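Scroll down for the structure; my scribbles are underneath it.
The values are calculated or read from the model by the stated rules, or taken from the named source; none is laboratory data. Predicted model only: the values in this text are computed from it and were never measured. Note that we place each Cβ from the backbone using ideal geometry, even for glycine, and neighbour counts take in every protein chain shown.
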Amino acid sequence: MLVAAALLAVAILQAPNLVAANTSEHGLWLAPWLMWAVCCGVMHGLGFHPRSLVGRVLFFPWLALPSLLYGLWLTQGYFLS
């Protein structure tokens, strides 16, 4: 999960036009959603577990995994070209 989060973070930082609302066909919700997934993936991959219930629900890693995979699928053009 940490590797997927790192790859997606690199793709978002190096080619933000792939997920930005003004330069792609995706909506405004996509970039913050993928950044949330990256945060969840990094937290889970490094072994950080929030103590509060709100933090555990907000950063639940298994909800972020499909989002990370979807983000990697969206940004596959960055890695393959």
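State whether the residues of the range 17-33 include one that is modelled with pLDDT of 90 or more and surrounded by 13 or more Cβ atoms within 10 Å (Cβ to Cβ). Within the range 17-33 (the criterion being modelled with pLDDT of 90 or more and surrounded by 13 or more Cβ atoms within 10 Å (Cβ to Cβ)), the answer is yes, since at least one residue qualifies. Counting only helices (runs of 4 or more DSSP H) wholly contained in the range 8-81, the ones carrying 3 or more residues that are in contact (Cβ under 8 Å) with a residue 60 or more places away in the chain occupy 61-74.
Counting only residues that are over 11 Å from residue 5 (Cα atoms) and modelled with pLDDT of 90 or more, which one in the range 62-81 is surrounded by the most Cβ atoms within 10 Å (Cβ to Cβ)?
Here the answer is 70.
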